[in-house]
Amino acid sequence: QVQLVESGGGLVQAGDSLRLSCAIVGRTLAMAWFRQSPGKEREFVAAISWGDVNTYYSDSVKGRFTISRDNARITLYLQMMSLKPEDTAVYYCAARDYYGNNYKQIENYNYWGQGTQVTVSS
């Protein structure tokens, strides 16, 4: 059984940086961050492959956000830079415990955290 707990969200101004963390309990392979704004569907943000070899980003965050995992594989991070008001959302950590080649869909993950709110003011 895998448990995920996000932290690090908050209120920041446009242009600021913020780092989200996801504490991991259990064995995980690929992991990802998704986000959801009010009235919108949950969307893919970034993913990291099971061997930490490959990373994937949505076009809206590419070049500004970085996903990483510590060597002990107990914490997943999302470093967010040059934040914009449109980045405002609840950010969710996701994981799967099976091998696969797809990373950008909600159905690619079978474990989810409770989410952490990020609000970017203009």
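The values are calculated or read from the model by the stated rules, or taken from the named source; none is laboratory data. These figures come from a predicted structure and were not determined experimentally. As a convention, Cβ positions derive from the backbone with ideal geometry for all residues, glycine included, and neighbour counts pool all protein chains shown. For accessibility, only protein heavy atoms count, side chains too; no ligands or nucleic acids. Shrake-Rupley method; radii C 1.70, N 1.55, O 1.52, S 1.80 Å.
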Quick one: accessible area per residue over the chain, 1.4 Å probe, rounded to a whole number of Å²?
-> 52 Å²
Farthest toward the dipole's positive end in region 10-122, which of Tyr77, Val25, Tyr109, given Cβ charges of +1 (Lys, Arg) and -1 (Asp, Glu) about the Cα centre?
-> Val25
At a Förster radius of 25 Å, what calculated FRET efficiency corresponds to the Cβ-Cβ distance of Val53 and Tyr98, to the nearest 0.05?
-> 0.90
Paired Rg and Dmax values of region 24-112, which use every Cα atom, in angstrom = 12.5, 37
At a 1.4 Å probe radius, carbon and sulfur cover how many percent of the accessible area of region 1-52?
-> 47 percent
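Just how large is the dipole of the chain about the Cα centre, in debye to the nearest 20, putting +1 at every Lys and Arg Cβ and -1 at every Asp and Glu Cβ?
Roughly 120 debye for the chain.
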